[in-house]
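One structure is given below, encoded as structure tokens.
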């Protein structure tokens, strides 16, 4: 086990709703990244947080937002859900902001938008 | 063009076979390269980092060709437990990890 936990494990929402996903980083890791993995695709980078600040963002609209807390746990918020947001959402923690060190992934949250 | 492109799968091989996966990347400034393994409905896990000099870990060998922007993974003596999706990962534009779509490996007895 990586020591990275995510909640909830599964979630069903309807279009237009908002969702908050949570991630608890591995002890000692100050960097967390979030990814979206659609079925049959590789994970797509959403954003990275380092010391409570966003530190890089992928090609995702502003309705995807995040937070990192002083204990390095993190949230991913998605507003105005769309059907295409249905995916596995993964967080990964690390000790490095430049991805030189191993990313430790949590088990993910499976989101279904109806 | 996608930032990271991998061989299309699936690869269906018998136990004991040698199989090779290829991957190309578009960002010539990339400095970090990895192979991750993802089992069905599980999270990705680091298989190995890829270094310029090439590196080996047991039955797995990774090679990097910076001039051609090409990464490979060789698996020797395939085991049933090697069946998984193998993800090529590169530190891409704007300091982010870019994953390929993955190549499915199925090892059969």
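A short reminder: the numbers here are calculations on the coordinates, not readings from a lab. For clarity, every value in this text was computed on a predicted model and none was experimentally measured. Glycine also receives a Cβ, built like all others from the backbone with ideal geometry; neighbour counts cover every protein chain displayed.
Per-residue answers, yes or no, for (1) within 23 Å of residue B:104 (Cα to Cα); (2) part of a loop (DSSP other than H, G, I, E, B); (3) touching a strand residue (DSSP E or B) at 6+ places or on another chain (Cβ under 6 Å):
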| position | (1), (2), (3) |
| --- | --- |
| A:17 | no, yes, no |
| A:20 | no, no, yes |
| A:42 | yes, yes, yes |
| A:55 | no, no, yes |
| A:84 | no, no, no |
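Those strands (runs of 3 or more DSSP E) of the range B:2-109 in which at least 1 residues are loosely packed, with under 14 Cβ neighbours inside 10 Å and more than 14 Å from every other protein chain (Cβ to nearest Cβ), considering only elements entirely within it, cover B:11-14, B:19-25, B:55-57, B:60-65, B:70-75, B:103-108.
Check residue A:47 against each of (1) more than 9 Å from chain B (Cβ to nearest Cβ); (2) within 22 Å of residue B:91 (Cβ to Cβ); (3) part of a strand (DSSP E or B) and name the one condition it does not meet. Against the list (1) more than 9 Å from chain B (Cβ to nearest Cβ); (2) within 22 Å of residue B:91 (Cβ to Cβ); (3) part of a strand (DSSP E or B), residue A:47 comes up short only on (1). Screening A:107, A:61 for residues that are away from chain B (no Cβ under 12 Å) and either part of a loop (DSSP other than H, G, I, E, B) or crowded, with 17+ Cβ neighbours inside 10 Å (or both) leaves exactly one candidate, A:61.
For the range A:86-101, taking the residues that are more than 8 Å from chain B (Cβ to nearest Cβ) and not in a strand (DSSP E or B), the one that is nearest to residue A:61 (Cα to Cα) is identified as A:86. Residues in the range A:22-40 that are in contact with a strand residue (DSSP E or B) (Cβ under 6 Å, 6 or more places away or on another chain) and assigned to a loop (DSSP other than H, G, I, E, B) were compared, and the one that is farthest from residue A:83 (Cα to Cα) is A:29.
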